Amino acid sequence: MRKPLLFVDMDGTLAEWNTSLPKFAKEIFMPGYFKDRPAYPMVAQAIRLLICSGALEVFVISSVIDEPHVIADKNSWLDEHIPEVDNDHRIFCKCGENKAHKVREATGRFDGYCVLLDDYSVNLHQWEESGGTAIKFLNGINGSKGSWKGTKLSRFASNPTELKDKLLAAIVLELHEKGARNYV
């Protein structure tokens, strides 16, 4: 039985994105910016529960700007909010880089059992075009243009267990629709 791999985006999915700043405002280049982003607590806890369940192998994948402190800041954030994601399950790629290509390079694997949870539709389209399975994460500030027609999951749930269960159900449904049989 092949175990699915879940790749969870950080900015806008696990951590709040500051929508009041322009895309490349000087603040995001400052040390500590990414380390100090508030977590979406319900999402972070749901991912922790999913990791502990053993149903999936969970990775965090995050785009980084070309500044020497950014990866350290993001690692500090993960150490604080989701310490269950060890260093072998943290993947960082350059802004604009196709996340599917980075996953193939980092893990030696990329197929329909590789599931991306991300708030940015461009990443989701690239992921699916590369042969993976993608789920749009609705964080309350995105999803207004309607370019993503696939499965969507909202961060708003009554508790972390409900969010974990909804994510797992969405993954099972997506894999079933792709024809996978023995997966979770």
Once you order the gyration tensor axes a ≥ b ≥ c over the Cα atoms, which shape class does the chain get: rounded for a/c under 1.5, otherwise prolate or oblate by comparing a/b with b/c?
rounded
Need the full-extension length gain, Lys3 to Asn159, defined as separation in residues times 0.36 nm minus the C-alpha distance. One decimal, nm.
53.6 nm
Only Cα pairs within less than 10 Å get springs; with that Gaussian network setup on the chain, which residue of Lys149, Lys99, Lys166 has the largest fluctuation?
Lys149
Note down the relative contact order for the chain as a percent, whole number, built from C-alpha pairs under 8 angstrom at least six residues apart.
25 percent
Work out, step by step, the length gained on full extension between Asn18 and Val172: first 0.36 nm times the residue separation, then minus their alpha carbon distance; give nm to one decimal.
52.3 nm
Pop out the ³J(HN,Hα) list for the range 54-60 in order, Karplus 6.51 cos²θ - 1.76 cosθ + 1.60 with θ = phi - 60°, rounded to Hz; leave Gly and Pro as x.
x, 5, 9, 8, 10, 10, 10
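Expressed as a rounded percentage, what relative contact order does the range 19-106 have, with Cα pairs under 8 Å and six or more residues apart? List each step's numbers first, then the result.
Numbers: 73 pairs, mean separation 28.9, N = 88.
Relative contact order, the range 19-106: 33 percent.
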Accessible area per residue, Å², the range 94-184 with all protein chains present, probe 1.4 Å:
51 Å²
On the formula 1/(1 + (r/R0)^6), with r taken between the Cβ atoms of Ala39 and Glu67 and R0 of 22 Å, the FRET efficiency rounded to 0.05 is 0.55
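Is there a pair in Lys3/Lys178; Lys74/Lys149; Lys3/Lys164; Lys74/Lys102 whose C-alpha atoms are over 20 Å apart, and which pairs would that be?
Values: Lys3/Lys178 15 Å; Lys74/Lys149 30 Å; Lys3/Lys164 17 Å; Lys74/Lys102 17 Å.
Flagged as over cut-off: Lys74/Lys149.
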Computed FRET efficiency, Cβ-Cβ of Glu84 and Thr107, R0 25 Å: what is it to the nearest 0.05?
0.90
Per the helix-only model, the chain has a calculated mean residue ellipticity at 222 nm (DSSP H runs of ≥4, -39500 (n - 2.57) each, divided over all residues, rounded to the nearest 500) of -10500 deg cm²/dmol
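Among DSSP beta bridges lying fully in the chain, give the percent that are antiparallel, nearest 5.
Values: 1 of 23 bridges.
Just about 5 percent of them are antiparallel.
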Relative contact order of the range 25-76 (C-alpha contacts under 8 Å, at least 6 apart) in percent is 55 percent
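Is the shape of the range 2-86 best called rounded, prolate or oblate, per the rule: a/c under 1.5 gives rounded, else a/b larger than b/c gives prolate, else oblate, with a ≥ b ≥ c the square roots of the Cα gyration tensor eigenvalues?
Values: a/c = 2.19, a/b = 1.98, b/c = 1.11.
Prolate, since a/c reaches 1.5 and a/b exceeds b/c.
Could you tell me what percent of the accessible area of the range 4-75 is made up of carbon and sulfur, with a 1.4 Å probe and every protein chain present? Present the calculation step by step, with values, prior to reporting the outcome.
Numbers: 1760 of 3030 Å².
Carbon with sulfur: 58 percent of the solvent-accessible area.
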Towards the positive end of the charge dipole of the chain, with charges on Cβ (+1 Lys, Arg; -1 Asp, Glu), say which of Asn142, Val8, Pro83 has the farthest Cα.
Asn142
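The values are calculated or read from the model by the stated rules, or taken from the named source; none is laboratory data. Note that the coordinates shown come from a computational prediction; the quantities given were computed from them, not determined experimentally. A quick note on method: Cβ atoms are made from the backbone with ideal geometry, for glycine too, and the neighbour counts reach across all protein chains shown. Accessible surface is based on the protein model in full, side chains and every heavy atom, while ligands, DNA and RNA are left aside. Shrake-Rupley method; radii C 1.70, N 1.55, O 1.52, S 1.80 Å.
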